[in-house]
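Remarks on the structure that follows.
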Amino acid sequence: MERPRARSKTTGKELALPSWKEAAEPGWLDQWAISLMLMNVATRKVGRAVRLPEAGVPSEPGSGLSKSAVSRRFKALTRARLEAWMASDLSGLDLLVIQIDGLHMNDKLLMPGAVGVDADGRKHPLGVVEAATENAATVQALLDNLVDRGLDPKVCRLFIVVGAKALTQGNRI
């Protein structure tokens with residue numbers, strides 16, 4: 001995609017064009033990428049979902065609607081959101097119960113995750129750790145992350161552990 005350039009007559013420095021700035025900012029395309037991928041639309045079909053072929057509005061090269069561009073955008077957005085979520089402060093949550101279980105993503109990927117429940121019965125997703133199996137080390141990494149983010153280990157809570165014995169081996173929060 002060509003980037004238009006403009007320079008100031010007085011200083012000679014490059015100016016930011018409002019139209020380019022707006023086009024380059026995250027916005028509707030990010031929202032479309034996340035929404036369509038979460039609705040299980042294949043990356044190769046996103047261009048058709050955003051622009052209807054029968055409407056006579058073809059997808060131009062460089063529009064960001066190719067399957068590779070959509071995939072890269074989705075990965076970048078979800079990575080950023082996951083990192084922000086996994087760094088969020090937990091100290092303000094008054095949790096009574098924490099449930100830990102392994103989420104099977106496929107045959108090779110398991111993600112031990114934690115969900116907290118407050119006094120009003122609201123559930124709060126707390127964190128996940130990527131692993132090959134449910135073992136003590138990955139669960140300990142998850143618990144360490146929760147404590148690092150503000151979960152007070154001195155508060156008495158009910159822990160519900162579902163499944164593998166590794167979840168209870170030597171883990172103390």
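The values are calculated or read from the model by the stated rules, or taken from the named source; none is laboratory data. Predicted model, so just to flag it, every value in this text is computed and none were measured. So basically every Cβ, Gly included, is an ideal-geometry build from the backbone, and we count neighbours across all protein chains shown.
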Could you please find all residues in segment 89-103 being farther than 18 Å from Arg157 by Cβ and surrounded by 12 or more Cβ atoms within 10 Å (Cβ to Cβ)?
Gly102
Of the conditions (1) at pLDDT below 85; (2) buried (at least 18 other Cβ atoms within 10 Å of the Cβ); (3) under 20 Å from Arg79 (Cα atoms); (4) of a type in the set (A, V, I, L, M, F, W, C), Leu109 satisfies every one except a single condition; which number is it?
(2)
